[in-house]
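These notes are about the structure you will find just below.
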Amino acid sequence: MLGEYLPLFFLGVIVFGLIAVMLFLVRLLQPKRRSETDLEPYESGTTPTSFARTRFSVKFFIIAIIFIIFDIEVVFMYPWAVVFKELLNIGTFIFIEMLTFLGILVVGLIYVWKMGALEWD
Amino acid sequence: MLTDIAIIITKIMIVIGGTFTAVAYLILAERKVAGFVQERYGPNRVGIWGLLQPIADGVKTMLKEDITPAKANRIIYHLAPAMVLAPALVTFAVVPFGSGIDAFGRHIAFQIADINIGILFIFAITSIGVYGVVLGGWSSNNKYSLLGGVRSSAQMISYELALGLSVVGILLLTGSLRLNDIVEAQIGMWNVFRQPVAFMIFLVAVFAETNRLPFDLAESEQELIAGYHIEYSGFKYSMFMLGEYSNIITASALIVTLFFGGWTVPFIDVTKLGHLGAFLSVVSFAVKTGFFLFLYLWVRWTLPRFRYDQLMHLGWKILLPLALLNLLFTAAWITYV
Amino acid sequence: MTESLFFIFATMAIVSALTVVVTRNPIYSAVSLVITLFSLAGIFLLLEAYFLAVVQIIIYAGAIMVLFLFVIMLLNPGKEAKFLSLTDPRTLIVTLLSIAFIGMIFSLVSGSVNYIGEVMGSVEELGTTRNIGLTLFTKYLLPFEIASLLLLVALVGAVLMTKRNLR
């Protein structure tokens, strides 16, 4: 079983090696001209006024939290989907189980929706 | 053992080489299609029909100056392009691109790794792709690139849910996460006919995941100049492009594998035809993938861009509930019909 | 083969975990933590816990660390101070916890205390998605449903805490 994964380790090593070699070779090829204005941030020609790493909307942060929670719920569905037909032979409880699980998930979704966490304006 | 390792490395080389070549010509095709749509020629100076243009472009980016902005966070700034390119090159590993042949006394599958969690492996690696985008945008110390990076990462995680849920319907029918099992289950009947809603959701979500029009808010040249990779130049810029287009190729290949029978050929059992069958299966896979690559270009030059609120509305309030409904319907269908 | 891969992943995990603690730039800490989680996924893979390995990447590396990065970028903190001062109450807590942790490792290595318990049955094929599904949806059904309630609570909490900013 583990042998199936062996090519992935090879692939990882080859990909990182390839990227490193490419970056190294390109470093030798590229010209080195430097001037002060070269290194300034590009803001369509105007002179930058402040440091760029300012705060941004808290909405992105909320989206990330909601995403984590739903992502965990989605992850539970993969093993469920894989064994669904198999456990259906014993009884329909496997369907009812996920119905309950999804029901609670949908309550959460409706709550988030009604609270306006998904609104962007 | 040595032969096995040689086979593995050969396959890896073929896939990576193939991806690079395909990316080069996909970019040329994009410019040609753009020319066709806009009633102009597109690139036609380098080589016949512009066929050598990708090589010229590649050499050009390698010879260009590589600028690191003065106040950039140097380590992260240099790492970010690799964080986009590496996952993009790894994801294709689990996609079967042909039926396989018998040679050297063993069966050689046309796939780098036939693993038992295939589809989840792809989702896992794609979810890593967010880092290159958000860190590249943050480290450049540019307001536009920061906005582009944050926007695009929020977009990618939002559509990941619909993407993941739409596939569950197929898993219910197949009962396996292995992509080869999913392909073989489609002999005689493609999944797109069994799961049309899932296909639509998957198609839309995959366009959003690859940051392509109508979801290219990360770049949106009219407002953010270029998005998260404004400050990148020279070869690092082309690494972002390589990663982006490799993702498009993997996405098209994945659509074909999940919904359009992968390497199977309709009405012909290629597994019984030996080497000819293997060849046919690769051709079948390439033709189907090519169609979806063309769809990417077609859509890009046809549709306008979404607004950010519309994008979030579509992802969270339409695709996510729709994917849940599709899932419930499929499960109920299997249980009671 | 498996053993050498284990040592590669273990070294990666330890080095990157140390970087998380040692570096003074929060962004570097976050990126190193991603590498740690990745190495742990590799170790899970070597233990034939396939589903766990992939979920480790999807949830921890792909979702939770993205949130971490967002928070770091949102707050934009500067560099951390090099050392805690001796009068800081946190110094005492950190010292006590470190001693406890070193003691735990020592007792584990010397074999005087068994924290792990007996491994049930055969390990082979235990970590496949199918087997996890079969046990999760029959034997551990109640914890599974309770997990969904827990997630609901987390969701409500997250939205409530940011409620002021929403309307």
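For residue B:276, are the conditions met, namely being surrounded by 15 or more Cβ atoms within 10 Å (Cβ to Cβ), under 30 Å from residue B:22 (Cα atoms) and of a type in the set (A, V, I, L, M)?
Details: surrounded by 15 or more Cβ atoms within 10 Å (Cβ to Cβ): no; under 30 Å from residue B:22 (Cα atoms): yes; of a type in the set (A, V, I, L, M): yes.
In short, no.
Find the residue count for the stretch A:5-38, including only residues that are hydroxyl-bearing (Ser, Thr, Tyr) and within 24 Å of the chain's Cα centre (by Cα). Qualifying residue count for the region: 1.
When the criteria are applied in full, residue B:158 fails the requirement of being in contact with a helix residue (DSSP H, G or I) (Cβ under 9 Å, 6 or more places away or on another chain), surrounded by fewer than 24 Cβ atoms within 10 Å (Cβ to Cβ) and under 23 Å from residue C:57 (Cβ atoms).
Per the conditions (1) free of Cβ contacts under 8 Å to residues at least 12 places away in the same chain; (2) part of a helix (DSSP H, G or I); (3) more than 15 Å from the chain's Cα centre (by Cα), the sole criterion not satisfied by residue C:55 is (3).
Do we find a residue being at pLDDT 90 or above and more than 20 Å from residue A:65 (Cα to Cα) anywhere in the stretch C:82-96?
Of the stretch C:82-96, the ones at pLDDT 90 or above are C:96.
Subsequent filtering for residues that are more than 20 Å from residue A:65 (Cα to Cα) retains C:96.
So far as the stretch C:82-96 goes, yes, one or more of its residues are at pLDDT 90 or above and more than 20 Å from residue A:65 (Cα to Cα).
The lone criterion from (1) part of a helix (DSSP H, G or I); (2) surrounded by 23 or more Cβ atoms within 10 Å (Cβ to Cβ); (3) at pLDDT below 85 left unmet by residue B:208 is number (3). Can you find a residue in the stretch B:295-303 that is touching a Lys or Arg at 6+ places or on another chain (Cβ under 8 Å), closer than 30 Å to residue B:27 by Cα and surrounded by fewer than 21 Cβ atoms within 10 Å (Cβ to Cβ)? Within the stretch B:295-303, one or more residues are touching a Lys or Arg at 6+ places or on another chain (Cβ under 8 Å), closer than 30 Å to residue B:27 by Cα and surrounded by fewer than 21 Cβ atoms within 10 Å (Cβ to Cβ). Among residues of the stretch A:13-41 that are closer than 19 Å to residue B:80 by Cα, those with a Cβ under 7 angstrom from a residue that is part of a helix (DSSP H, G or I) and among the aromatic types (Phe, Trp, Tyr), sequence gap 6+ or separate chain, pair up as A:26/B:235.
For residues in the stretch B:106-128 being of a type in the set (A, V, I, L, M) and more than 8 Å from chain C (Cβ to nearest Cβ), which is farthest from the chain's Cα centre (by Cα)? Steps first, answer last, please.
First, the residues of the stretch B:106-128 that are of a type in the set (A, V, I, L, M): B:108-109, B:112-113, B:115, B:117, B:119-120, B:122, B:124-125, B:128.
Checking the rest, the ones that are also more than 8 Å from chain C (Cβ to nearest Cβ) come to B:108-109, B:112-113, B:119, B:122.
Values: B:108: 25, B:109: 21, B:112: 17, B:113: 18, B:119: 13, B:122: 10 Å.
The qualifying residue farthest from the chain's Cα centre (by Cα) is B:108.
Are there any pairs with C-beta distances below 6 angstrom linking a residue in the stretch A:91-120 that is facing chain B (nearest Cβ under 8 Å) to a residue that is of a type in the set (D, E, K, R) and surrounded by 13 or more Cβ atoms within 10 Å (Cβ to Cβ), with the two at least 6 apart or on different chains, and if so which? Short answer, once both residue conditions are applied: A:105/A:73.
Does any residue of the stretch B:150-160 turn out to be within 11 Å of chain C (Cβ to nearest Cβ) and either of a type in the set (Ser, Thr, Tyr) or more than 30 Å from residue C:26 (Cβ to Cβ) (or both)?
Yes.
Does residue B:131 satisfy being closer than 14 Å to residue B:69 by Cβ, assigned to a helix (DSSP H, G or I) and within 8 Å of another protein chain (Cβ to nearest Cβ)? The answer is no for residue B:131. In the condition set (1) outside any helix (DSSP H, G or I); (2) buried (at least 19 other Cβ atoms within 10 Å of the Cβ), residue C:86 is compliant with all but (2). For residue B:136, the test of being of a type outside the set (A, V, I, L, M, F, W, C), assigned to a helix (DSSP H, G or I) and either within 11 Å of chain C (Cβ to nearest Cβ) or out of contact with any helix residue (DSSP H, G or I) (no Cβ under 8 Å at 6 or more places or on another chain) (or both) is failed.
Scanning the stretch A:86-107 for residues being of a type in the set (D, E, K, R) and closer than 24 Å to residue C:156 by Cα gives a total of 1.
Here residue B:219 passes the criteria (1) part of a helix (DSSP H, G or I); (2) closer than 26 Å to residue A:38 by Cα except the one numbered (1). Filtered by the rule that a residue be among the small types (Gly, Ala, Ser) and within 24 Å of the chain's Cα centre (by Cα), the stretch B:51-79 gives a lone residue, B:58. Among the residues of the stretch C:65-80, is there at least one that is away from chain B (no Cβ under 14 Å) and modelled with pLDDT of 85 or more? No, the stretch C:65-80 contains no residue that is away from chain B (no Cβ under 14 Å) and modelled with pLDDT of 85 or more.
For the stretch B:10-52, a tally of residues being surrounded by 15 or more Cβ atoms within 10 Å (Cβ to Cβ) and of a type in the set (Val, Ile, Thr) returns 8.
The values are calculated or read from the model by the stated rules, or taken from the named source; none is laboratory data. Please read all numbers here as calculations on a predicted model, not as lab measurements. For neighbour counting, all protein chains shown are included, and Cβ atoms are generated from backbone atoms with ideal geometry for every residue, glycine included.
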